[in-house]
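The values are calculated or read from the model by the stated rules, or taken from the named source; none is laboratory data. Small disclaimer: the values here were computed from a predicted structure and weren't measured. Every residue, glycine among them, receives a Cβ derived from its backbone with ideal geometry; neighbour counts consider all protein chains shown. Ligands, DNA and RNA are excluded from the accessible area calculation, which covers all protein heavy atoms including side chains. Shrake-Rupley method; radii C 1.70, N 1.55, O 1.52, S 1.80 Å.
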Amino acid sequence: MTILERFSQKGRVALVTGGGRGLGFEIAKALAEAGAHVVVTGRTAATLDRAVERIAAAGGSAAAAAFDIADRTAQRAVLAGIEQAHGRLDVLVNNVGARDRRPLSEMDDAAIDELIRTDLSAAASLSRDAAALMKRNGHGRLIAITSIGGHVAMPNDGIYPAAKHGLTGLMRSMAVEYAPHGITSNAIAPGWFATETNAALAADEGLMPFVRQRIPVQRWARADEIAGAALFLASDAASFVNGHVLVVDGGMTVRM
């Protein structure tokens, strides 16, 4: 097998949460282009249907499953549907993330609990149940999209990085627990990516002096620049990469 063949996802089934747009879509598209059948999830059916159409137009295979990631019953139903239709799950990408940019002093208990449930607890239960399905075939790739916010801090953004740091710990723990079953667990920590959710910030010329000074490559990342990292960790080329956090931030977190 050549090195390029080791990146192939042919015959594999992948589940990408938040796969209807942004980084999740680019990851789903890359996995499909590499040969996987990809199930994209999110809360808005119309957004997911458009994503599936775009993947199909590029020659890939995809399906949509609309549900709230924090709904444990819906999580189990989606996994059961994948098992019934395909008999396997090879790749799980936990990409969904919510954010509430307020000082911690202004957040009540309900707001804190909601963010933790969406950004951490939901990923933990889905990863656990996906791993149980992967174990039956002795192979799997668990990938979590965390954030450089789990490594560095900004004001008025306390719970999101706390959840992402927790998700990093979860993946490292799962790396130890599930590796004997042929399952690797890794994370990707993106930096400043120009996606739909932060389009206004990315277009703000007043912010560019800070971007050029703080990010060594002196620009925002394109959404598709996350795809290679995800495909690598999902592939056989990364078969000995386990418990790792792959930072994709243009060097932002290493600059003094």
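From the alpha carbon centroid of the stretch 196-213 to that of the stretch 6-62 is 28 Å. Dipole magnitude for the chain: about 580 debye, using +1 per Lys or Arg Cβ and -1 per Asp or Glu Cβ, origin at the Cα centre.
Largest GNM mean-square fluctuation across 44, 184, 17, computed for the chain with C-alpha springs under 10 Å, falls on 44. Of the residues 102, 141, 128, the one that moves most in a GNM of the chain with alpha-carbon contacts below 10 Å is 102.
Please arrange 248, 16 by accessible surface area, largest first, computed with a 1.4 Å probe and ligands excluded.
248, 16
Orientation-averaged projection of the chain equals 14.1 nm² [convex hull of Cα atoms, one quarter of hull surface area]. Any idea how far the Cα center of the stretch 220-256 sits from the one of the stretch 110-174, in Å? One Cα centre to the other: 16 Å. A 1.4 Å probe, protein heavy atoms only, puts the accessible area of residue 197 near 110 Å². Simple rule: put +1 on each Lys or Arg Cβ and -1 on each Asp or Glu Cβ in the chain, find the dipole, and look at 65, 246, 44; the Cα lying farthest toward the positive end is 246.
Listed values for the stretch 60-77 are Karplus-derived 3J(HN,Hα) couplings in whole Hz (6.51 cos²θ - 1.76 cosθ + 1.60, θ = phi - 60°), namely x, 10, 8, 9, 10, 9, 8, 6, 7, 4, 7, 8, 5, 4, 5, 3, 5, 5, and x replaces Gly and Pro.
As a fraction of the 1.4 Å probe accessible area of the chain, surface on carbon and sulfur atoms comes out at 54 percent. Residues whose amide H falls under 5 Å from that of residue 38, counting only those 5 or more places apart or on a different chain, are 14, 61, 62, 63, with hydrogens built in the peptide plane.
Positive contributions from Lys and Arg (+1) and negative ones from Asp and Glu (-1), summed over other residues with Cβ under 11 Å from the Cβ of residue 221, come out at -2.
With the chain treated as a Gaussian network of Cα nodes joined by springs under 10 Å, which of 142, 126, 104 yields the largest mean-square fluctuation? With Cα springs under 10 Å in the chain, the top fluctuation among 142, 126, 104 is at 104.
Over the chain, with the other protein chains present, what is the accessible area per residue in square angstrom, probe 1.4 angstrom? Heavy-atom accessible area per residue stands at 47 Å².
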